[in-house]
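Heads up: the structure comes next, in structure tokens.
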Amino acid sequence: MSATRAGSDVERRFVTTRLGRIHVAMAGTGFPVLLLHQTPRSWDEYRDVLPLLGRDFRAIAMDTLGFGDSDSPAGDPSIELWAQGAFALLDALEEPRAAIAGHHTGAVIAVEMAASSPSRVSALVLSACPFVDAARRAKHEGMRVIDDVEARADGSHLTELWARRQPFYPADDIDLLQRFMIDALRAGEMAAEGHRVVNRYRMEDRLGNIHCPTLVIAPTGDPHVHPVAPKVAGAIEGGILRELSGGMVPLPDQMPEAFAGLVRDFVAAQVARS
């Protein structure tokens, strides 16, 4: 492992795993909380969340395989493969169990982790989790995804990508969109493909296999997921639904204090019971 510092509270590190080299950012000590980002972001989505959670936990934000600074895995990308990558990271960090918190695509990966290896997931936080069933797969088959723009020599595709994303971001916070653009450019073709991977996932076969304590966070300003949040929570035994007023697509970096507070309180309660 090689490490660098990112501010006074966050340590960045490359971790060699059985599926490739994975880039992480970490803060704090104690029970591990793994943070999984949306497509096509990176650990940077949790830049302001990490030091907050690090006050009580070992908070770990990873770049999903194929995104950020992590290696691209061999084989076709899938939710299952990305979940295996997250477990490979936890193995390399010698963490047999962890709480998992994911946002958008990260929430879908978290679903697969909890469903496939329940003994390793002590608590689950699904933020802005889509509900991917047969109807959604049929609806999205062949449909253009939000980050699918064709590169052009004059750079106009960057303006197009900005315009396609802007309605789902706070109008008064340009920095959030700039951070998104950096990650999207770094992701290359995966910026669009990551959404297609989500839309191919058979989530309806997995939600019933989740038995750990689960919190579903529904940001009210995210039209992609807010309407289906009750379906996600209702399909999980004992699932708890919490709305977060004013939250939009970039929830963790838009409202880091509120997001971290929900995760901290929920995970702390579960750790205290174990």
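The values are calculated or read from the model by the stated rules, or taken from the named source; none is laboratory data. Quick caveat: nothing in here was measured; it's all calculated off a predicted structure. Glycine also receives a Cβ, built like all others from the backbone with ideal geometry; neighbour counts cover every protein chain displayed. SASA here: full protein model, heavy atoms, side chains in, ligands and nucleic acids out. Shrake-Rupley method; radii C 1.70, N 1.55, O 1.52, S 1.80 Å.
Normalised Debye scattering of the stretch 122-215 at q = 0.12 Å⁻¹ gives log10 I(q)/I(0) of -0.53, counting only Cα atoms as equal scatterers and leaving out solvent. Highest mobility in the GNM of the chain, judged by mean-square fluctuation with C-alpha springs under 10 Å and restricted to ASP222, ASP148, ASP172, is found for ASP172.
In the chain, the calculated helix contribution to ellipticity at 222 nm averages -10500 deg cm²/dmol per residue, counting -39,500 (n - 2.57) for every DSSP H run with n ≥ 4.
Label sites at SER274 and ALA163, each approximated as a point 7 angstrom past Cα along Cα to Cβ, lie 4.8 nm apart. Sparsely packed loop sites in the stretch 135-234 (the trypsin sites (Lys or Arg not before Pro) outside DSSP H, G, I, E and B with at most 15 other Cβ atoms within 10 Å) comprise ARG144, ARG152, ARG202. What the pair-distance distribution of the stretch 80-171 shows, using all Cα-Cα distances binned every 10 Å from zero, is 14, 32, 27, 22, 5, 0 percent. Placing +1 on the Cβ of every Lys and Arg and -1 on the Cβ of every Asp and Glu, with nothing else charged, gives the stretch 93-171 a dipole about its Cα centre of roughly 240 debye. For the stretch 38-46, the Karplus equation 6.51 cos²θ - 1.76 cosθ + 1.60, evaluated at θ = phi - 60°, returns couplings of 7, 7, x, 7, 8, 4, 4, 4, 10 Hz by residue, with Gly and Pro reported as x.
Globularity index of the stretch 145-274 is 1.23 (Cα radius of gyration / 2.2 N^0.38 Å, N = number of residues).
Loop sites by DSSP among the GluC sites (Glu not before Pro) of the chain, restricted to those with at most 15 other Cβ atoms within 10 angstrom, leave 1-93 as the longest stretch without any of them. Evaluated over the Cα positions of the stretch 1-113, the convex hull gives a direction-averaged projected area, one quarter of its surface, of 6.1 nm². If you wrap the tightest convex hull around every Cα atom of the chain and split its volume per residue, you get 125 Å³.
In the Gaussian network model of the chain, springs joining C-alpha atoms below 10 Å, which of PHE168, PHE57, PHE259 carries the largest mean-square fluctuation? Of PHE168, PHE57, PHE259, the most mobile in the Gaussian network model is PHE168.
When the chain is modelled as a GNM with alpha-carbon springs shorter than 10 Å, which of SER70, SER117, SER156 fluctuates the most? Result: SER156 has the largest fluctuation of those listed. Based on C-alpha pairs under 8 angstrom that are at least 6 apart in sequence, the chain has a relative contact order of 20 percent. If only the Cβ of Lys and Arg carry +1 and only the Cβ of Asp and Glu carry -1, the dipole of the chain around its Cα centre is close to 500 debye. Carbon-plus-sulfur accessible fraction, the chain (probe radius 1.4 Å, protein heavy atoms only): 50%.
Computed over the stretch 111-164, the P(r) curve from all C-alpha pair distances, binned at 5 Å from the origin, holds 4, 14, 14, 13, 14, 14, 13, 8, 5, 2, 0 percent per bin.
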